[in-house]
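For reference, the structure is listed below as structure tokens.
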Amino acid sequence: MIRALVTWLTVTWIALAPVHALEIEGVKLEDKITLGPHNTELVLNGAGVRTKLMFAKVYVGGLYLTHKTTETEAVLANPGPKRVVMHFLAEEVTAPELIQSMNDALAANHIPAALALLEGRIRRMNRMMSRIGVIRKGGVVHLDYIPGTGTRVTVNGEEKITIPGEDFYRAMLRVWIGAKPVDGKLRNSMLGDGDRFRLF
């Protein structure tokens, strides 16, 4: 009787416990999340560390999709909800640093004519980031695509801005997984290079 009770409690605890697929630099990333008004289930496609100057660890970045893929074009073509998550490791990252990194990657991955179509929305994103000022160690940023709504940015659990247009989110995705991303190793990891993960 006692053995059966212990078994039942163990099974129940496992069923109710949060499921984590990866732990990177002490950051635990959930294997699955739900997103959007219909609570669509997304799976962790991949995650890794964004580094600067070869060794400075900036954040752990993860990519959530409706189904896993290793191809950038397949990610960009998927019309469903998506999430890029950043768990910051650096003591602090300033808004000018984030803005410069984002804008440089956008420029590197788009021709001028394509950037011109996004210019107003990029300025809105820049202004929002300027108001944040600084993100400190332990900070978490979500960059979500909600179909029919647009790009929703959440910082430490607080919604900051929503920018319309699937084209804008596709452009933002290229910052991480485009041909010239902010970090090539991070791109490979977000696209499912399992060798960069430490499994539980």
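Since every read-out is calculated from the coordinates, none of them should be taken as a lab result. Since the model is a prediction, treat every value here as computed from it, not as a measurement. Here the Cβ is made from the backbone with ideal geometry for all residues, glycine too, and neighbour counts use every protein chain on show.
At a glance:
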item	result
Residues Met129, Met54, sorted so that the one with the fewest Cβ neighbours within 10 Å comes first	Met54, Met129
Packing-based order for 60-67, 151-158, 106-113, using average beta carbon neighbours within 10 Å, highest first	60-67, 151-158, 106-113
For Lys160, residues with placed amide H under 5 Å, excluding near neighbours	Val153, Thr154, Val155
Extension gain, Thr34 back to Asp104 (0.36 nm per residue minus Cα-Cα distance, nm)	22.1 nm
Qualifying aspartates and glutamates (Cα of each under 17 Å from Cα of Lys57; at least 8 residues distant if same chain)	Glu23, Glu25, Glu91, Glu92, Glu97, Asp183
Residue-by-residue Karplus 3J(HN,Hα) for segment 103-113, coefficients 6.51, -1.76, 1.60, Hz, glycine and proline x	5, 4, 5, 4, 5, 6, 10, 9, 6, x, 5
Fluctuation leader among Phe88, Phe168, Phe55 - the chain, Gaussian network, Cα springs under 10 angstrom	Phe55
Rounded tilt (10° steps) of 2-16 against the dominant C-alpha axis of the chain	10
Positive-end extreme of charge dipole, the chain - chosen from Met128, Leu44, Ile111 (charges on Cβ)	Met128
Residue-span extension gain [Ala77 to Ala56] - 0.36 nm each, minus C-alpha spacing	4.3 nm
Relative contact order computed over the chain (Cα-Cα under 8 Å; 6+ residues apart), in percent	23
Structure-based [θ]222 nm, the chain - -39500 (n - 2.57) summed over DSSP H runs of at least 4, per residue, nearest 500	-12000 deg cm²/dmol
Cα-centred dipole magnitude for the chain, charges only on beta-carbon of K, R (+1) and D, E (-1), debye, nearest 20	220
Dipole-positive endmost among Val175, Gly61, Val93 within the chain (Cβ charges, Cα centre)	Val93
Label-point separation in nm, His67 to Glu23, each point 7 Å along Cα→Cβ	3.2
Which listed pairs, of Lys52/Lys185; Lys52/Lys160; Lys32/Lys160, have C-alpha distances above 21 Å, in listed order	Lys52/Lys160; Lys32/Lys160
Nonlocal amide H pairs with Leu42, under 5 Å, H built at 1.01 Å	Ile33, Thr34, Leu35
